[in-house]
């Protein structure tokens with residue numbers, strides 16, 4: 001069930017990003033973006049995919065409550081009484097109307113039709129914000145999650161669509177001239193809103209303590225993957241522009257594709273995070289859910305006496321230095337025109353070695 005939940009959430013993020021990216025790119029004039037060929041079936045499938053893959057939290061709640069109540073009563077209660085059920089009904093309604101709209105209307109004929117598509121895409125994000133855990137805590141949590149998800153889907157969506165559906169190398173420079181500042185704004189928004197979202201669940205002072213839980217493990221891995229993602233963002237926003245000016249036949253697509261793969265790994269860690277119980281009290285969560293098996297594999301001390309402080313010994317410092325080497329190799333690979341796909345391996349190795357350093361250093 002955990003694997004199914006993670007897969008459903010990753011596919012949900014992917015579907016929303018594709019829809020958002022497709023319509024946002026249509027707003028921009030054809031001279032300001034590469035030539036795009038996004039199959040109509042991909043967009044329609046993504047719209048329906050939002051309704052399908054966002055159903056998993058509802059299904060999980062139905063299965064949980066069906067042990068004590070009749071199935072029909074449980075389904076009715078979850079859909080019409082619980083916020084997650086009502087949010088899914090809204091998402092289903094928007095998806096159906098959006099599907100019919102895109103099926104029946106040639107949106108490319110009128111600029112206003114494209115704007116309506118963007119509005120539908122934003123409404124899908126709002127529906128996901130309503131169903132989020134942060135939304136159950138407060139209105140502020142709902143707003144934070146919606147802004148966070150909107151910034152992610154805009155940035156990632158444009159990147160995914162351009163990376164995998166662009167044809168040829170034309171107009172990459174004018175595209176990067178407007179997309180790079182937009183990506184930076186989205187990235188800063190994601191980091192800032194993500195910090196405040198984390199504070200709703202885990203206080204910064206409790207961050208390393210949370211690693212004893214499966215939730216904290218997923219959170220740490222997600223944050224570690226963000227670091228190489230920043231390296232790719234730097235490459236694709238700054239260094240690629242210089243290369244395009246210097247080398248006429250330079251193809252930036254492989255580098256943007258690798259960045260999109262790393263983003264999918266961040267999505268996977270985020271999805272795993274969504275399948276864990278948020279630790280509003282770490283001690284209580286340890287008693288109820290128990291410590292993370294992955295954490296226990298590395299930690300040999302008394303779990304009741306964990307302080308969450310980090311003391312880097314020889315191995316911890318060595319592994320941090322090795323991780324920084326792998327991070328540097330990502331930038332060096334671009335400079336030396338080494339295969340960008342090899343840098344994806346460096347990214348995973350960075351996460352692995354830095355993760356080991358933290359796990360071996362926690363007290």
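Quick look at the numbers
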{"read-out": "Qualifying position, being crowded, with 19+ Cβ neighbours inside 10 Å and part of a helix (DSSP H, G or I), among 356, 273", "value": "273"}
{"read-out": "Hey, residue 94 in contact with a helix residue (DSSP H, G or I) (Cβ under 9 Å, 6 or more places away or on another chain) and either within 28 Å of residue 63 (Cα to Cα) or surrounded by fewer than 16 Cβ atoms within 10 Å (Cβ to Cβ) (or both) or not", "value": "yes"}
{"read-out": "Some residue of the range 167-186 being under 16 Å from the mean Cα position of the chain (by Cα), part of a helix (DSSP H, G or I) and buried (at least 16 other Cβ atoms within 10 Å of the Cβ)", "value": "yes"}
{"read-out": "Leading residue by the ranking (surrounded by the most Cβ atoms within 10 Å (Cβ to Cβ)) among those in the range 297-308 that are over 28 Å from the mean Cα position of the chain (by Cα) and modelled with pLDDT of 70 or more", "value": "299"}
{"read-out": "Cross-chain or 6+ apart pairs with Cβ under 7 Å, the range 1-20 first and surrounded by fewer than 21 Cβ atoms within 10 Å (Cβ to Cβ), then in a helix (DSSP H, G or I) and at pLDDT 90 or above", "value": "11/49; 11/53"}
{"read-out": "Verdict on residue 259 being touching a residue at least 12 places away in the same chain (Cβ under 8 Å), closer than 30 Å to residue 55 by Cβ and touching a helix residue (DSSP H, G or I) at 6+ places or on another chain (Cβ under 7 Å)", "value": "yes"}
{"read-out": "In the range 192-223, the residues that are in contact (Cβ under 8 Å) with a residue 12 or more places away in the chain and more than 30 Å from residue 290 (Cβ to Cβ)", "value": "193"}
{"read-out": "Residue among 329, 273, 296, 287 that alone is without any contact (Cβ under 8 Å) to a residue 24 or more places away in the chain, within 23 Å of residue 210 (Cβ to Cβ) and in contact with a helix residue (DSSP H, G or I) (Cβ under 9 Å, 6 or more places away or on another chain)", "value": "296"}
{"read-out": "Residue selected from the range 28-43 under the condition over 24 Å from residue 251 (Cα atoms) and out of contact with any helix residue (DSSP H, G or I) (no Cβ under 6 Å at 6 or more places or on another chain), by the criterion surrounded by the most Cβ atoms within 10 Å (Cβ to Cβ)", "value": "42"}
{"read-out": "Residues satisfying the stated conditions in the range 65-89, i.e. under 12 Å from residue 51 (Cα atoms) and surrounded by fewer than 18 Cβ atoms within 10 Å (Cβ to Cβ)", "value": "89"}
{"read-out": "The range 246-256, subset in a helix (DSSP H, G or I) and in contact with a helix residue (DSSP H, G or I) (Cβ under 7 Å, 6 or more places away or on another chain), residue surrounded by the fewest Cβ atoms within 10 Å (Cβ to Cβ)", "value": "254"}
{"read-out": "Selection within the range 202-212 - surrounded by 20 or more Cβ atoms within 10 Å (Cβ to Cβ) and either part of a helix (DSSP H, G or I) or at pLDDT 85 or above (or both)", "value": "209, 210, 211, 212"}
{"read-out": "Subset of the range 217-237 that is modelled with pLDDT of 85 or more, more than 16 Å from the chain's Cα centre (by Cα) and over 18 Å from residue 349 (Cα atoms) - its residue that is surrounded by the fewest Cβ atoms within 10 Å (Cβ to Cβ)", "value": "234"}
{"read-out": "Single residue of 132, 153, 91, 95 found to be at pLDDT below 85 and under 24 Å from residue 10 (Cβ atoms)", "value": "132"}
{"read-out": "Selection within the range 102-131 - closer than 15 Å to residue 28 by Cα and in a helix (DSSP H, G or I)", "value": "107, 108, 109, 111, 112, 113, 114, 115, 116, 117, 118"}
{"read-out": "Which listed residue, of 325, 321, 294, is closer than 30 Å to residue 133 by Cα and either at pLDDT 80 or above or surrounded by 14 or more Cβ atoms within 10 Å (Cβ to Cβ) (or both)", "value": "294"}
{"read-out": "Failed item, numbered, when residue 134 is tested on (1) closer than 19 Å to residue 45 by Cα; (2) surrounded by 18 or more Cβ atoms within 10 Å (Cβ to Cβ); (3) touching a residue at least 60 places away in the same chain (Cβ under 8 Å)", "value": "(1)"}
{"read-out": "Matching residues in the range 330-346 - criterion: being more than 24 Å from the chain's Cα centre (by Cα) and either outside any helix (DSSP H, G or I) or crowded, with 16+ Cβ neighbours inside 10 Å (or both)", "value": "333, 334, 336, 337, 338, 339"}
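The values are calculated or read from the model by the stated rules, or taken from the named source; none is laboratory data. Predicted, not measured: the structure shown is a model, and the values here were computed from it. Cβ sites come from the backbone with ideal geometry, for glycine too, and all protein chains shown count toward neighbours.
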